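The values are calculated or read from the model by the stated rules, or taken from the named source; none is laboratory data. Owing to the predicted nature of the structure, the values given are computational and were not obtained by experimental measurement. Here the Cβ is made from the backbone with ideal geometry for all residues, glycine too, and neighbour counts use every protein chain on show. Accessible surface areas use protein heavy atoms only, side chains included; no ligands, DNA or RNA. Shrake-Rupley method; radii C 1.70, N 1.55, O 1.52, S 1.80 Å.
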Amino acid sequence: ENVQEKIDYVFKVVVIGDSAVGKTQILSRFTKNEFCFDSKSTIGVEFQTRTVTIKDKVIKAQIWDTAGQERYRAVTSAYYRGALGAMLVYDITKRPTFDHVARWVEELRAHADNSIVIMLIGNKADLVDLRAVPKEDAVEFADDQGLFFSETSALSGDNVDSAFFRLLEEINGVV
Ligand code: GDP
Ligand code: MG
């Protein structure tokens, strides 16, 4: 990463999913390599950025956080405008957050561009003993809907970078 390099592309990515699944912590892990144990809902910060190089292209990922608008239909279409990618997050220890994923996909289909690349994320993979969503259920859903899929832990950092890189590579392939 070299911030002085010329930027070839800015990719807007939105992070969505139910409240408390770890959206803000995933973002903080990817952009700052930080995890905040007593995080409060972020107010006033619309997005965070990280600049990465993919196949000789310098890409600034501009990643938007819902900051407490996670109620169904509360996220406005302005939030989705121009988004090339979406991280759709659920919590592997909370079944309802996975059951709501279909609704979030509907929201994306209704408000985002047709070509948006969607990555389904099962977060809190460090809490294995509390798992309530089998990985196979998520793999099946993702295959059905044409989504990419990864399980992550914002706490340990496992798979967070690789999930974002996978998404950005995919976007880079279609622009
Ligand atoms: P958001 O509402 O989706 O933005 O969720 P937050 O990022 O604010 O996280 C909600 C709660 O889950 C906080 O108490 C976090 O510390 C916790 N959390 C987030 N990610 C992880 C994770 O990967 N593992 C564990 N064990 N806890 C997490
Ligand atoms: Mg949040």
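Name the one entry in V89, V174 that is of a type in the set (A, V, I, L, M), under 25 Å from T31 (Cβ atoms) and at pLDDT below 95.
Step by step, each of V89, V174 is checked, and only V174 is of a type in the set (A, V, I, L, M), under 25 Å from T31 (Cβ atoms) and at pLDDT below 95.
Please specify each residue of region 157-175 satisfying the condition of being open to solvent by 70 Å² or more (accessible area, probe 1.4 Å) and either part of a loop (DSSP other than H, G, I, E, B) or of a type in the set (V, I, T) (or both).
Across region 157-175, the qualifying residues are D158, N159, V174, V175.
Is there a residue being in a loop (DSSP other than H, G, I, E, B), open to solvent by less than 10 Å² (accessible area, probe 1.4 Å) and of a type in the set (S, T, Y) anywhere in region 138-153?
There is at least one residue in region 138-153 that is in a loop (DSSP other than H, G, I, E, B), open to solvent by less than 10 Å² (accessible area, probe 1.4 Å) and of a type in the set (S, T, Y).
Of everything in region 96-112, what is away from ligand 2 (no atom under 16 Å from the Cβ), surrounded by 14 or more Cβ atoms within 10 Å (Cβ to Cβ) and either closer than 19 Å to A20 by Cβ or not aliphatic (A, V, I, L, M) (or both)? Give them in sequence order.
Passing the criteria: F98, V101, E107, H111.
So which residues in region 115-133 are closer than 21 Å to E169 by Cβ and open to solvent by 60 Å² or more (accessible area, probe 1.4 Å)?
Matches in region 115-133: S115 only.
Right, G44: under 13 Å from the mean Cα position of the chain (by Cα) and either modelled with pLDDT under 90 or away from ligand 1 (no atom under 12 Å from the Cβ) (or both) or not?
no
Considering only region 76-90, state which residues are among the aliphatic types (A, V, I, L, M) and either open to solvent by less than 10 Å² (accessible area, probe 1.4 Å) or within 16 Å of ligand 2 (Cβ to nearest atom) (or both).
A83, A86, M87, L88, V89 - these are the residues of region 76-90 that are among the aliphatic types (A, V, I, L, M) and either open to solvent by less than 10 Å² (accessible area, probe 1.4 Å) or within 16 Å of ligand 2 (Cβ to nearest atom) (or both).
I'd like to check something: does region 108-115 contain any residue that is within 20 Å of W64 (Cα to Cα), hydroxyl-bearing (S, T, Y) and within 14 Å of the chain's Cα centre (by Cα)?
No, region 108-115 contains no residue that is within 20 Å of W64 (Cα to Cα), hydroxyl-bearing (S, T, Y) and within 14 Å of the chain's Cα centre (by Cα).
Could you look through region 47-67, keep only residues that are within 16 Å of ligand 2 (Cβ to nearest atom) and either more than 15 Å from the chain's Cα centre (by Cα) or in a strand (DSSP E or B) (or both), and pick out the one that is surrounded by the fewest Cβ atoms within 10 Å (Cβ to Cβ)?
By that ranking, first place goes to F47.
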